[in-house]
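Have a look at the structure below, then the notes.
The values are calculated or read from the model by the stated rules, or taken from the named source; none is laboratory data. Fair warning: this is a prediction, and the values are worked out from it, not measured in the lab. Because the Cβ atoms are built from the backbone with ideal geometry, glycine has one as well, and the counts that use them run over all protein chains shown. To get the accessible areas, we keep the full protein, side chains included, count just its heavy atoms, and leave off ligands, DNA and RNA. Shrake-Rupley method; radii C 1.70, N 1.55, O 1.52, S 1.80 Å.
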Amino acid sequence: MMKFTVEDIKTEHQKVKSGADFPQYIKAIKNLGVSHYTSFVADGNTEYFDGNNESAHTGSKYDKLIIAETVNLENFKTRLKLHQQGGTDYITFCKDCAENGVEGWVMDLTAMTCSYFDNDRRNVLVEQIPG
């Protein structure tokens, strides 16, 4: 039986005003029992997993975005850094991902890494999560 619900996660997510609040959010959902999650840029659906690999997902959160076929990694890194410093909101960041060919990301709360992937689910950038 899963310890957390999508509602629990949404409650924590509402406290995030910018990328700068992100480490606190990660700590909070890790405490809820989330082991990893995958977010999909196309529609905002996020699937959260617990330690037993049981999952709950949010469903789509916004109108479908078209993911560029080609990854523009340098431009993506610039936009990612801006977002992490609090310069863009979540939907703007998702649009930046789509325009730069990033289909989604996997947050591993055990390894404390975030792996951004392309349309073929190949990792294009792996970052350490500050914590």
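Of all residues in segment 12-23, those satisfying the criterion of being touching a helix residue (DSSP H, G or I) at 6+ places or on another chain (Cβ under 9 Å) and assigned to a helix (DSSP H, G or I) are Glu12, His13, Gly19, Ala20, Phe22.
Just to be sure, is Lys64 among the basic types (Lys, Arg), at pLDDT 90 or above, in a loop (DSSP other than H, G, I, E, B) and open to solvent by 40 Å² or more (accessible area, probe 1.4 Å)? Outline the logic, then answer.
On the way: among the basic types (Lys, Arg): yes; at pLDDT 90 or above: yes; in a loop (DSSP other than H, G, I, E, B): yes; open to solvent by 40 Å² or more (accessible area, probe 1.4 Å): yes.
Taking the combined requirement at face value, the residue satisfies it.
Close Cβ contacts (under 8 Å, 6 or more residues apart or on different chains) running from residues in segment 2-28 that are over 15 Å from Met107 (Cα atoms) to residues that are in a helix (DSSP H, G or I) and small (Gly, Ala, Ser) comprise Glu12/Ala28; Lys15/Ala28. The sole residue among Asn75, Asn119 that is farther than 22 Å from His13 by Cβ, over 15 Å from the mean Cα position of the chain (by Cα) and assigned to a helix (DSSP H, G or I) is Asn75. Here is the figure for segment 84-116: residues that are more than 25 Å from Gln24 (Cβ to Cβ) and hydrophobic (A, V, I, L, M, F, W, C) total 1. Whether a residue is on the phi < 0 side of the Ramachandran plot and touching an Asp or Glu at 6+ places or on another chain (Cβ under 7 Å) was assessed, and Lys81 does not pass this test.
Please state which one of Val34, Val71, Val41 is in contact (Cβ under 8 Å) with a residue 12 or more places away in the chain, open to solvent by 40 Å² or more (accessible area, probe 1.4 Å) and either among the aliphatic types (A, V, I, L, M) or in contact with a Pro (Cβ under 6 Å, 6 or more places away or on another chain) (or both).
Details: Val34 fails: open to solvent by 40 Å² or more (accessible area, probe 1.4 Å); Val41 fails: open to solvent by 40 Å² or more (accessible area, probe 1.4 Å).
Step by step, each of Val34, Val71, Val41 is checked, and only Val71 is in contact (Cβ under 8 Å) with a residue 12 or more places away in the chain, open to solvent by 40 Å² or more (accessible area, probe 1.4 Å) and either among the aliphatic types (A, V, I, L, M) or in contact with a Pro (Cβ under 6 Å, 6 or more places away or on another chain) (or both).
Looking across segment 44-61, the residues that are open to solvent by 40 Å² or more (accessible area, probe 1.4 Å) and part of a loop (DSSP other than H, G, I, E, B) come down to Gly51, Asn52, Asn53, Glu54, Ser60, Lys61.
Among the candidates Val41, Val102, Val126, Val71, the residue that is touching a Gly at 6+ places or on another chain (Cβ under 8 Å) and either modelled with pLDDT under 95 or over 23 Å from Val6 (Cβ atoms) (or both) is uniquely Val71.
All of (1) in contact with a strand residue (DSSP E or B) (Cβ under 8 Å, 6 or more places away or on another chain); (2) among the acidic types (Asp, Glu); (3) closer than 18 Å to Met2 by Cα hold for Glu54 with one exception: (1).
Considering Val34, Val102, Val106, which residue is closer than 20 Å to Val16 by Cβ and part of a strand (DSSP E or B)?
Working: Val34 fails: part of a strand (DSSP E or B); Val102 fails: part of a strand (DSSP E or B).
Result of the check over Val34, Val102, Val106: Val106.
Condition first: of a type in the set (Val, Ile, Thr), surrounded by fewer than 15 Cβ atoms within 10 Å (Cβ to Cβ) and under 19 Å from Tyr62 (Cβ atoms). Now tell me which residues in segment 74-123 satisfy that.
The first filter runs over segment 74-123 and keeps only residues of a type in the set (Val, Ile, Thr), leaving 78, 88, 91-92, 102, 106, 110, 113.
Checking which are surrounded by fewer than 15 Cβ atoms within 10 Å (Cβ to Cβ) leaves us with 78, 91-92, 110.
Within segment 74-123, Ile91, Thr92 meet the criteria.
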